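The values are calculated or read from the model by the stated rules, or taken from the named source; none is laboratory data. On a predicted model such as this, the values are computed, not experimentally measured, just so you know. Ideal geometry is used to build each Cβ from the backbone, glycine not excepted, and the neighbour counts take in all protein chains shown.
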Amino acid sequence: MKNVKVTVVGGECNQKFHDVGDEWIVGNYTPEGMCTSAFAALFPLILTCQCGGKFHWEKDPKVTRAICPDDKGLIFEIREA
């Protein structure tokens, strides 16, 4: 599977785990240091990207954004690495 780059592009982490600008390269495992709740919410989109799927509702169908389920909610960008 392809590696995927996940970047925090906005919002605020209620638990103070992450800040805007944090990045991870996701391969076959949960990336070290990434909140497991955020990873669980993003996983379907990460898997889609890893398998070459497209996000046809986005301007660039190879890039999408999603929000963490946290009450303040970080915004993550997901794209091929």
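Overview of values
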quantity: Cross-chain or 6+ apart pairs with Cβ under 8 Å, segment 25-41 first and modelled with pLDDT of 90 or more, then loosely packed, with under 13 Cβ neighbours inside 10 Å and among the hydrophobic types (A, V, I, L, M, F, W, C); calculated: G27/M1; P31/I25
quantity: Conditions (1) surrounded by 14 or more Cβ atoms within 10 Å (Cβ to Cβ); (2) in contact with a helix residue (DSSP H, G or I) (Cβ under 7 Å, 6 or more places away or on another chain); (3) among the aliphatic types (A, V, I, L, M); number of the one not met by I67; calculated: (2)
quantity: Matching residues, segment 1-60, being of a type in the set (V, I, T) and either in a helix (DSSP H, G or I) or exposed (fewer than 12 other Cβ atoms within 10 Å of the Cβ) (or both); calculated: I25, T36, I46, T48
quantity: Any hit, segment 7-16, residues being touching a helix residue (DSSP H, G or I) at 6+ places or on another chain (Cβ under 8 Å) and either touching a residue at least 12 places away in the same chain (Cβ under 8 Å) or not hydrophobic (A, V, I, L, M, F, W, C) (or both); calculated: no
quantity: Answer residue from segment 59-81, given it is charged (D, E, K, R), over 23 Å from E12 (Cα atoms) and in contact with a strand residue (DSSP E or B) (Cβ under 9 Å, 6 or more places away or on another chain) and is modelled with the lowest pLDDT among those; calculated: E80
